[in-house]
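Let me begin by presenting the structure, written as structure tokens, before commenting on it.
Nothing in this text is a laboratory measurement; each read-out follows from the coordinates by a stated rule. Values in this document were obtained by computation on a predicted structure and should not be read as measured data. Neighbour counts are summed over all protein chains in view; Cβ atoms, including those assigned to glycine, are modelled from backbone coordinates with ideal geometry.
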Amino acid sequence: MGNILTYVQTELRLFSERPFSAVDSLVLAELAYVRFDGVVPGFQRLRRGVRLRDLYKAELMGVLFPSLPAEERAAISGGRYPASSQNRYALLAAAAMSPRFRDIRLRFYAEEQDDARMQQVAAVTFLLPGREAFIAFRGTDSSLTGWKEDFNMALISPIPSQEAAAKYLAAVGRRLFFRRALMTGGHSKGGNLAVYAAMTAPPELQKRIAAVYNHDGPGFRTGVLDNPGYRAIEPRIVKILPQSSIVGMLLSDSDDYAVVESRRFGPMQHDAFSWEVKDGNFVYAEKLTDGAEYMNRTLKAWLESMPDAQRQALIEALFHVLESAGADTIEDIVEGRMKSLRALISQYRSLDADTRKMIARLVRALLKLSLKNIRRERAQKESTAPLLEN
């Protein structure tokens, strides 16, 4: 079974031969994580854009992937693909060589970060050969900071990042006029930003939007879903979740989503490179896992049980406790790689009784989900292990 990387490496048909698909949208959503600043033109530069094939140059790699050391880039180029977000380097390399992707042009790169306003947004527009454009919003990674941002997005709306995304979509729509049909999407936070931008777009711009792809991005509060703009765009929203989705089910009151199989377990399924692809399509599952549904019920009950200010304070407390133990990513928590349990216990005990109770409830739900996934992984390994000969 493959993933989006093997899909790009093996799908040789042009978009004129095989139309744009949900898998293609995830590929472009993952490429939006690349740091294109100074390489892909923004709104101020009057250029046709940069082709994907022209981005895979040695002199650009340190700019596009500043956090990836040169020796690791060399290892990836040699065919050894590290896990996690480092796969994006391999994805760019594959796309630059692919007859399907290499002639896509990138334009209108924009990135803004304002920590004081909790604003961190980046977007890029992919001009497909023909008359289509895909507007991709960057998501969050597996860091605790990224997960905290996803939680905050589900609780507060609009946030500055959502408003910036709406302005970006409108600006691209004006510059592309009516020559191209528009699609938009993103992974994680990027999916939420794409939906928000589309639902707040002017009616004449909404008519040009053919599809909105939300790949495991958080939902919205009930009041937002009652927005006429959301109702207008809702039939064109394609929401895709992995089997153990947590982020994508945050404040999601709709059952209109597809579930894909993943080669990873538990919260780590948020990694889009773990989603399984076969014959150019996602491998779909019937439903979320029982553990994920239990976790999501717990989260939903928690979110609905308190006023906004208390929820915000609880989120701050929860992530502060986890960070105090030296956890940097969600994998650190699930796999028990926290550096200081003493610091965690100390921070936990310093909280008031009600906050401790709520956090304990969430942690129990997460542990229950993790234990189920560990048993599932062990059972899977045992079932595929070769039998000993007598």
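Taking other C-beta atoms within 10 angstrom as a stand-in for reagent exposure, 286, 111, 163 fall in the order 286, 111, 163, fewest first.
Using the Kirkwood radius over Cα pairs, work out the Stokes-Einstein diffusion coefficient for the range 126-242 at 20 °C and 1.002 mPa s, in µm²/s as a whole number.
Numbers: Rh = 14.1 Å.
Translational diffusion coefficient: 151 µm²/s.
Beta bridges from DSSP with both residues in the range 172-285: antiparallel share about 30 percent, rounded to the nearest 5. Protection proxy ranking, highest mean first, for peptides 311-322, 9-20, 24-35: 24-35, 311-322, 9-20, where packing is the per-residue count of other beta-carbon atoms within 10 Å, averaged.
Among the chymotrypsin sites (Phe, Trp or Tyr not before Pro) in the range 142-212, those placed in a DSSP loop whose Cβ has at most 16 other Cβ atoms within 10 Å are 177, 178. The Cβ shell under 12 Å around residue 96 holds other residues with a net charge of +3, Lys and Arg each +1, Asp and Glu each -1. Among the listed pairs 167/300; 167/189; 207/239; 189/239; 207/278, a Cα-Cα separation exceeding 23 Å is found for 167/300; 207/278. Couplings for the range 33-39, taken from phi via the Karplus curve 6.51 cos²θ - 1.76 cosθ + 1.60 with θ = phi - 60°, read 6, 5, 7, 8, 4, x, 10 Hz in order; Gly and Pro are left as x.
Electrostatic tally near residue 284: other residues with Cβ closer than 11 Å to its Cβ, Lys and Arg +1, Asp and Glu -1, net -1.
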